[in-house]
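The structure appears below as structure tokens.
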Amino acid sequence: NITTKDVSFTLNSVGSSSSSDYIISKEKLSFSEDNKKAEIVAHYKFNGDADDETENDHDGSVNGATLVEDRFGNAQSAMYFDGTDDYITVPYVDELRIEKEMTISTWIKPMYSENTSDMRYITAPNEWFSMAINPRDNNDKFAWWGRSAGYWDNVGIECPDNSCSNRPNMDQWY
């Protein structure tokens with residue numbers, strides 16, 4: 001059985017963006033030679049290990065992190081980090097030094113911690129790029145920030161929709 005639902009959304013352009021910066025279509029997209037689809041350089045499913053699922057073999061080495069249930073309830077399909085000294089390392093090769101546009105997609109479930117400093121969950125050597133959360137509101141909520149392409153300017157989401165009461169809650173998947 002196929003279930004369909006009507007979906008509506010609002011898209012606002014910000015800064016110098018224009019309609020040529022995005023494509024919304026129910027048709028299959030095709031790409032010309034001048035507009036190639038991005039290549040995935042690494043994909044980690046955490047389905048029992050930290051191996052890269054692409055043919056690039058950017059496998060990670062687990063240091064202290066443990067496999068736990070993921071957001072769908074699948075056993076040993078997500079990694080738990082204690083917030084102190086757990087991490088996964090991936091050998092840093094030139095192919096991973098992405099100096100143009102890149103997209104990093106993650107699912108995180110920040111847990112309550114006595115730690116009130118930023119908790120980085122992705123960091124490249126010399127902080128070439130990084131993503132982190134900062135506990136807020138007595139560690140019940142958090143704010144996001146990130147840095148890319150070696151710039152020291154952080155981009156963050158402190159108070160969504162200009163209201164700090166809209167900050168995401170700890171102990172939920174995002």
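The values are calculated or read from the model by the stated rules, or taken from the named source; none is laboratory data. Keep in mind that what you see is a predicted model, and the values were worked out from it rather than measured. Counting neighbours? That spans all protein chains shown, and the Cβs are built from the backbone with ideal geometry, glycine included. These accessible areas exclude ligands, DNA and RNA; they are computed on the full protein's heavy atoms, side chains included. Shrake-Rupley method; radii C 1.70, N 1.55, O 1.52, S 1.80 Å.
A compact table of results
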item: Meets criteria (modelled with pLDDT under 75 and open to solvent by less than 70 Å² (accessible area, probe 1.4 Å)) for Gly150; result: yes
item: Condition met for Tyr121 (over 15 Å from the mean Cα position of the chain (by Cα), at pLDDT below 80 and not in a helix (DSSP H, G or I)); result: no
item: Positions within the range 38-54 being over 16 Å from Ala78 (Cβ atoms) and more than 16 Å from the chain's Cα centre (by Cα), in sequence order; result: Ala38, Glu39, Thr54
item: Criterion (modelled with pLDDT under 85, on the phi < 0 side of the Ramachandran plot and not β-branched (Val, Ile, Thr)) met by exactly one of Asn74, Asn35; result: Asn35
item: Filtered residue count, the range 67-117, keeping only those that are over 15 Å from Ala42 (Cα atoms), among the polar types (S, T, N, Q) and either assigned to a strand (DSSP E or B) or over 18 Å from the mean Cα position of the chain (by Cα) (or both); result: 7
item: Single residue of Asp171, Asp137, Asp86 found to be acidic (Asp, Glu) and touching a strand residue (DSSP E or B) at 6+ places or on another chain (Cβ under 6 Å); result: Asp86
item: Qualifying residue in the range 68-77 (condition: among the basic types (Lys, Arg) and under 19 Å from Tyr174 (Cβ atoms)); result: yes
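Conditions tested, residue by residue: (1) touching a Cys at 6+ places or on another chain (Cβ under 9 Å); (2) surrounded by 15 or more Cβ atoms within 10 Å (Cβ to Cβ); (3) in contact (Cβ under 8 Å) with a residue 60 or more places away in the chain.
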position: Ile98; (1), (2), (3): no, yes, no
position: Ile104; (1), (2), (3): no, no, no
position: Trp107; (1), (2), (3): no, no, yes
position: Tyr112; (1), (2), (3): no, no, no
position: Tyr121; (1), (2), (3): no, yes, no
position: Ala132; (1), (2), (3): no, yes, no
